1. Looking at segment 200-229 only, could you name the residues that are in contact with a strand residue (DSSP E or B) (Cβ under 8 Å, 6 or more places away or on another chain) and of a type in the set (S, T, N, Q)?
2. Of all residues in segment 202-229, how many are in contact (Cβ under 8 Å) with a residue 24 or more places away in the chain and loosely packed, with under 13 Cβ neighbours inside 10 Å?
3. Give segment 279-293 a look and list any residue that's within 20 Å of Trp152 (Cβ to Cβ) and among the hydroxyl-bearing types (Ser, Thr, Tyr), or say none.
4. Checking the condition without any contact (Cβ under 8 Å) to a residue 24 or more places away in the chain, touching a helix residue (DSSP H, G or I) at 6+ places or on another chain (Cβ under 8 Å) and surrounded by fewer than 19 Cβ atoms within 10 Å (Cβ to Cβ), which residue from Glu4, Glu84 passes?
5. I'd like the full set of residues that are touching a residue at least 40 places away in the same chain (Cβ under 8 Å) and surrounded by fewer than 16 Cβ atoms within 10 Å (Cβ to Cβ), limited to segment 272-288.
6. Could you please find all residues in segment 117-156 being crowded, with 24+ Cβ neighbours inside 10 Å, of a type outside the set (A, V, I, L, M, F, W, C), without any contact (Cβ under 8 Å) to a residue 60 or more places away in the chain and not in a loop (DSSP other than H, G, I, E, B)?
7. Might you let me know whether segment 90-102 holds any residue that is surrounded by 24 or more Cβ atoms within 10 Å (Cβ to Cβ) and within 18 Å of the chain's Cα centre (by Cα)?
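Each reported figure results from applying straightforward, stated rules to the coordinates on display, with no laboratory input. All figures in this text were calculated on a predicted structure; none of them were measured in a lab. When we count neighbours, we look across all protein chains shown, and the Cβ atoms used for this are built from the backbone with ideal geometry, even at glycine.
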Amino acid sequence: MTNEQRLKNLAVPEGKIDVVLDTDTYNEIDDQFALAYLLRSDDKLDTKAIYAAPFFNQHSESPADGMEKSYEEIKKVLSLMGEERRVFKGSDRYLPDESTPVPSPAAEDLIERAKLYSPEKPLYVVAIGAITNVASALIKAPEIAENIVIVWLGGNARHYHDTKEFNMQQDIAAARVVMNSGAPFVQLPCMGIVSTFTVSAPELEYWLKDKNPLADYLARNTIKEAEAYASGKPWTRVIWDVTAVAWLINDKNRFMLSRIEKTRLPSYDHHYEEKDTGTDMRYVYHIWRDTLMEDLVNKLLK
């Protein structure tokens, strides 16, 4: 791929595009918002497939269990929306190293699907969890890198003191593979940037609760999660993953600001390497919170 083509593919796309979503949907409360926002942005985004990603925290017994629960949660959100899409199970574990893929239906689908595209008409891969599925596809079929554009919610801001962010630290090897693959790469860093995209209980109750089955589920699920640790206190929750979808429809920078940077890989000691790879990537550095929240609410109420 020429650098001229790379820079074109790192710009916000024009017209309607094809998208796949890679999501650890049961991990917390934000993936559900992102999935709904993607499907309700169907005037510009054509969702071709949804991949369940692994995760491991208090909501799962293992990465495999997290992936299975995410698969079921994807289907639950689709049901609430009255939607049908192709859904694939992903990796049951993280990469053991940077050269060994983890086989899964999701990785296989991405490989075969990406072969149908080209640098001039790429497939957009929105990843909002540990990026194991995408990395596995790239390890097994590195030639697909030029046919895709990867938009990842992962890592922290470059000015932040470390990269101990949930999606990145679960599978650092996968993050390194993806960011060093040559695929056009857009990063939405979490702490320091996307961490400003928060929602509060009063907003959820006023705008979403009891409005329709989908909106009500998203509101109540978020409130329940927050009240589990902050009952009787003021709180907000970051709905991180929505921003990755929003970048695809960020015409005229209406939702966020970004710039071209040289790629710096995450190291295994939870920092970005000082030496860059020499390859251009796009780095989001500011979120217009209220404008994006308005668009999200309007689409959830459709």
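1. Ser200, Thr222, listed by residue number.
2. Qualifying residue count, segment 202-229: 1.
3. Thr279, Tyr283, Tyr285 - these are the residues of segment 279-293 that are within 20 Å of Trp152 (Cβ to Cβ) and among the hydroxyl-bearing types (Ser, Thr, Tyr).
4. Exactly one residue qualifies, and that residue is Glu84.
5. Within segment 272-288, Thr277, His286 meet the criteria.
6. Ser136, the sole residue that qualifies.
7. Yes - at least one qualifying residue is present in segment 90-102.
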